[in-house]
Amino acid sequence: MTVTAAQARVRSATNPRRYFGAAWRHPVGRAVLKAVLTVWAATTITFFLIRLMPGSPVDIKIDELINTSNGALTYEEARVIASSLFAINLDAPLHEQYLSFIGNVARGDLGFSFLSSSTSVTSIILGVLPWTLFAVGSGLLLSFVVGVGLGLVAAYRRNSAFDHVVSSIASVATSVPNFLTALLIVLIFGVQLGILPIAAMRGSYTPGIQVGFNLTFILDVLFHASLPIGVFFLTNLGHWILSMRSATLAALDEDYVTAARARGLTDGRITTAYVGRNAVLPLVTQFAIAAGYVVGGAVIIEQIFVYQGVGLRLFNAVNQRDYPVMQGIVLITTAAVVTANLLADLLYTRLDPRIGRAGGSGG
Amino acid sequence: MIASALEFLRLLSKRPVGLAGFIGVLAFGFMAYIAPMFVPLQDTPNIREIYQTPTFAHPLGTDFQGRDILNQIVYGGRDILTVGFLAAAFSTTLAVTFGALAATVGGRLDTVILGITDVALTIPQLILLIVVAAILRPSGFLILAVILALLQWPSLLRQVRAQVLSLKERDYVEAARSLDLGLPHIIFREMLPNMRSYIAIHFILAMTQAIYAQAGIIFLGLVPLSGQNWGIMLYFANSQGAIFFKDSFWYIISPILAIALFQLSLVSLASALEDIFNPRLRSA
């Protein structure tokens, strides 16, 4: 048994092309390969952007080091420090630098921040990720649940006053850029009406509060997260309402609904078991894909509310020209989006038995 | 041509929301491109008139340097609209050309184009845009439009490809192919005219996305600030802390409303076009 496995390994090493081909032909294998390819592409694009741009960040860093040391550092010394900060050897040819960079990334080593060379990019990202996951994630989840509910009811009462009001609000909410909604909330409820204490709500929690699993801290975190959550909720809500409404309208026309009506099933049963379940199916995949984007946070909204998430960290990294952090955040966000897409694909095949069956008879 | 334009206006006039969107787009276009020819630019600071509320002389009040806000709104539209239009034009051209090519030629070319598109589609666009803008610091609006376009073509390409794949099976395309009219003829003479409305709708939606992304990176201060536009007004309002100052309400609300109303007009027009050009949905 072990011998055959070893032989198989040897054969796969000698003929990788055949195994690549075999994996490509399998739907799941192909999806996984595509996902890996995408993460690689995003990482490569960022790498070459940073290395090949005129006045590259490495040169800028070298200049900066020489200037801040007031001439104590020679160009060569500054170059050595800069290259260690970038975790790439500047004297090596570009393709070797690239290979070692990719090798580090594959081992999970994202390098160190420019601003404090002892802080790894991984630890920086892990420090801000929970805040973004909590705020953006809850906003997305809330908008999905409420939006699907409202969309279903709006489709059932097509052309009623309820439908018109809900659909119009949803259309307006999706057309207005989300950061403008955030600014409007600050402007109207925070400043003009004075209902929301905007200044006190900035940040992820009140500075100086005892961090830990106690009621005061949890309430404080909720207080600070409520504005970002509220904005994500409002700006995503419209999309789910409109999608669910049109999916439900399509499902209502299906023969099985007419058949269910003819069989005298109650409206409630038809709504939940027949129409709702089918209509929500494509939305579940959309939700899975949207969940992938949660990791990247929302740069502009986090910046407006000074919420210490991934988006604000990226914005600060951009302003401080902290390229390893920028690189790391692009990589981690792409990986999340790609994984979410992959899960959405697999989830859809599991949720909708028709797709699996069609694939089975086709192949 | 005139007859079809009249028919279009007749169908549009039955859809109040779409008509409002159409008028809105025209009005914003007029304000951005034609009004500056008649209204003189007033950008000299006047410290005695800082943060004034609307008066007859200043219908939208004044900013932190006492300059007229309405004047800034009028002058601040041209760059935003031009970049949005150019970005949409570039991305639509790219998407239509390669989408149609992939679908009509098929085979290995289709696999390659679709593979690149899939990869580009999954890279988080706004995050990449922020990084690219910070590195390139695009100062001219042409380069800004190109960057925005490069980030938004993938989703449009997939849709164009799907559309062409379905058109490919139509009888008139079969006929053209059996007459051996050649690929350029089939794409440009047979298929594209039948996708005009479809492309127009996606062009408008691409424009809204480009304006959103553009206003976002200007608001964050990632693009060198030159000239006057609504995004720069928002950037200054935010960086000057004007947003927390009760008297500066008109200074902030004006660019917000300008961007939001223009976006709303575009989206309403696009959904009315969808309604008009999709005979299955057409009720009138």
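The values are calculated or read from the model by the stated rules, or taken from the named source; none is laboratory data. Keep in mind the model is a prediction, meaning the values are calculated, not measured. Positions of Cβ are generated from backbone atoms using ideal geometry, with glycine treated the same way; all protein chains shown enter the neighbour counts.
Would it be correct to say that B:R189 is within 20 Å of the chain's Cα centre (by Cα) and either more than 21 Å from B:G21 (Cα to Cα) or away from chain A (no Cβ under 12 Å) (or both)? Give the derivation first.
Values: within 20 Å of the chain's Cα centre (by Cα): no; either more than 21 Å from B:G21 (Cα to Cα) or away from chain A (no Cβ under 12 Å) (or both): yes.
Here the answer is no, as B:R189 does not meet what is asked.
Within the set of pairs 6 or more residues apart or between chains, which connect a residue that is at positive phi inside the range B:169-195 to a residue that is not hydroxyl-bearing (S, T, Y) with Cβ atoms less than 9 Å apart?
B:G182/B:A176
Look through A:V299, A:V257 and report the one residue that is free of Cβ contacts under 8 Å to residues at least 40 places away in the same chain and under 28 Å from B:Q125 (Cα atoms). Before the answer, list the steps.
Numbers: A:V257 fails: under 28 Å from B:Q125 (Cα atoms).
Only one candidate qualifies: A:V299.
Residue check, B:N229 against (1) more than 12 Å from chain A (Cβ to nearest Cβ); (2) surrounded by fewer than 19 Cβ atoms within 10 Å (Cβ to Cβ); (3) touching a helix residue (DSSP H, G or I) at 6+ places or on another chain (Cβ under 9 Å), all met but one. Which one?
(2)
Evaluate the following for A:G230: is it out of contact with any Lys or Arg (no Cβ under 8 Å at 6 or more places or on another chain), loosely packed, with under 11 Cβ neighbours inside 10 Å and of a type outside the set (D, E)?
Values: out of contact with any Lys or Arg (no Cβ under 8 Å at 6 or more places or on another chain): yes; loosely packed, with under 11 Cβ neighbours inside 10 Å: no; of a type outside the set (D, E): yes.
It is false that A:G230 is out of contact with any Lys or Arg (no Cβ under 8 Å at 6 or more places or on another chain), loosely packed, with under 11 Cβ neighbours inside 10 Å and of a type outside the set (D, E).
Mind checking which residues of the range A:135-190 are among the small types (G, A, S), within 11 Å of another protein chain (Cβ to nearest Cβ) and over 20 Å from A:A250 (Cβ atoms)? I'd like the intermediate steps shown before the answer.
Step one: of the range A:135-190, the residues among the small types (G, A, S) are A:135, A:137-139, A:143, A:147, A:149, A:151, A:154-155, A:160-161, A:167-168, A:170-171, A:173, A:175, A:182, A:190.
When the remaining residues are screened for being within 11 Å of another protein chain (Cβ to nearest Cβ), the result is A:167-168, A:171, A:173, A:175, A:182, A:190.
Hits for the range A:135-190 are A:S168, A:A173, A:S175, A:A182, A:G190.
Scan the range A:110-150 for residues that are of a type in the set (F, W, Y) and more than 30 Å from A:R245 (Cβ to Cβ) and jot them down.
Going through the range A:110-150, the residues of a type in the set (F, W, Y) turn out to be A:112, A:114, A:131, A:134, A:144.
Matches in the range A:110-150: A:F112, A:F114, A:W131.
Is there any pair with a first residue in the range A:212-223 that is under 20 Å from A:G309 (Cβ atoms) and a second that is part of a helix (DSSP H, G or I) whose Cβ atoms are under 9 Å apart and which are 6 or more apart or on different chains, and what are they?
Close Cβ pairs satisfying both conditions: A:V221/A:W131; A:V221/A:F134; A:L222/A:I229; A:F223/A:A200; A:F223/A:M201.
Among the residues of the range A:233-246, what is the count of those that are buried (at least 23 other Cβ atoms within 10 Å of the Cβ) and over 17 Å from A:A182 (Cβ atoms)?
Number of matching residues: 4.
Let's see how each residue does on (1) crowded, with 24+ Cβ neighbours inside 10 Å; (2) more than 22 Å from B:I199 (Cα to Cα); (3) within 14 Å of chain A (Cβ to nearest Cβ):
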| residue | (1), (2), (3) |
| --- | --- |
| B:L81 | no, no, no |
| B:F85 | no, no, no |
| B:G99 | yes, no, no |
| B:T104 | no, no, no |
| B:G107 | no, yes, no |
| B:L114 | no, no, yes |
| B:T117 | no, no, yes |
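Residues checked against (1) assigned to a helix (DSSP H, G or I); (2) away from chain B (no Cβ under 14 Å); (3) modelled with pLDDT of 75 or more:
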site	(1), (2), (3)
A:A5	yes, yes, no
A:A8	yes, yes, no
A:G29	yes, yes, yes
A:K34	yes, no, yes
A:D59	yes, no, no
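Within the bounds of the range A:105-113, is there any residue that is farther than 26 Å from A:L37 by Cβ, modelled with pLDDT of 75 or more and not small (G, A, S)?
yes
For the range A:114-136, what are the residues that are surrounded by 16 or more Cβ atoms within 10 Å (Cβ to Cβ) and either in a helix (DSSP H, G or I) or modelled with pLDDT of 80 or more (or both)? Write out each step before concluding.
The first filter runs over the range A:114-136 and keeps only residues surrounded by 16 or more Cβ atoms within 10 Å (Cβ to Cβ), leaving A:114, A:120-121, A:124-125, A:128-129, A:131-136.
Answer for the range A:114-136, where residues must be surrounded by 16 or more Cβ atoms within 10 Å (Cβ to Cβ) and either in a helix (DSSP H, G or I) or modelled with pLDDT of 80 or more (or both): A:S120, A:V121, A:I124, A:I125, A:V128, A:L129, A:W131, A:T132, A:L133, A:F134, A:A135, A:V136.
Checking the conditions here, which among A:L133, A:L180 is in contact (Cβ under 8 Å) with a residue 24 or more places away in the chain and in contact with a helix residue (DSSP H, G or I) (Cβ under 8 Å, 6 or more places away or on another chain)?
So the residue among A:L133, A:L180 that is in contact (Cβ under 8 Å) with a residue 24 or more places away in the chain and in contact with a helix residue (DSSP H, G or I) (Cβ under 8 Å, 6 or more places away or on another chain) is A:L133.
Determine which member of the set A:A200, A:A225 is assigned to a helix (DSSP H, G or I) and either surrounded by fewer than 18 Cβ atoms within 10 Å (Cβ to Cβ) or within 12 Å of chain B (Cβ to nearest Cβ) (or both).
On the way: A:A225 fails: either surrounded by fewer than 18 Cβ atoms within 10 Å (Cβ to Cβ) or within 12 Å of chain B (Cβ to nearest Cβ) (or both).
So the residue among A:A200, A:A225 that is assigned to a helix (DSSP H, G or I) and either surrounded by fewer than 18 Cβ atoms within 10 Å (Cβ to Cβ) or within 12 Å of chain B (Cβ to nearest Cβ) (or both) is A:A200.
Just to be sure, is A:F162 more than 23 Å from B:I217 (Cα to Cα), free of Cβ contacts under 8 Å to residues at least 12 places away in the same chain and surrounded by fewer than 16 Cβ atoms within 10 Å (Cβ to Cβ)?
On the way: more than 23 Å from B:I217 (Cα to Cα): yes; free of Cβ contacts under 8 Å to residues at least 12 places away in the same chain: yes; surrounded by fewer than 16 Cβ atoms within 10 Å (Cβ to Cβ): yes.
Yes, satisfied.
Looking only at the range A:272-303, count every residue that is more than 30 Å from A:I185 (Cβ to Cβ) and either modelled with pLDDT of 80 or more or not in a helix (DSSP H, G or I) (or both) and tell me the total.
Of the residues in the range A:272-303, the ones more than 30 Å from A:I185 (Cβ to Cβ) are A:272-279, A:281-282, A:285.
With the extra rule that they be either modelled with pLDDT of 80 or more or not in a helix (DSSP H, G or I) (or both), the set shrinks to A:274-279, A:281-282, A:285.
Of the residues in that region, 9 qualify.
Without any contact (Cβ under 8 Å) to a residue 60 or more places away in the chain, out of contact with any His (no Cβ under 7 Å at 6 or more places or on another chain) and surrounded by fewer than 20 Cβ atoms within 10 Å (Cβ to Cβ): is that true of B:L11 in this structure? Break it down stepwise before answering.
On the way: without any contact (Cβ under 8 Å) to a residue 60 or more places away in the chain: no; out of contact with any His (no Cβ under 7 Å at 6 or more places or on another chain): yes; surrounded by fewer than 20 Cβ atoms within 10 Å (Cβ to Cβ): yes.
So B:L11 does not fit the description; no.
When only residues in the range A:178-197 that are out of contact with any Gly (no Cβ under 8 Å at 6 or more places or on another chain) and of a type in the set (V, I, T) count, which is surrounded by the most Cβ atoms within 10 Å (Cβ to Cβ)? Can you show your working first?
Start the filter on the range A:178-197 by keeping residues that are out of contact with any Gly (no Cβ under 8 Å at 6 or more places or on another chain), which leaves A:178, A:180-184, A:186-195.
Imposing the further condition that a residue be of a type in the set (V, I, T) reduces the set to A:181, A:186, A:188, A:191, A:195.
On the way: A:T181: 19, A:V186: 22, A:I188: 14, A:V191: 20, A:I195: 9.
Filtering the range A:178-197 for residues that are out of contact with any Gly (no Cβ under 8 Å at 6 or more places or on another chain) and of a type in the set (V, I, T), the one surrounded by the most Cβ atoms within 10 Å (Cβ to Cβ) comes out as A:V186.
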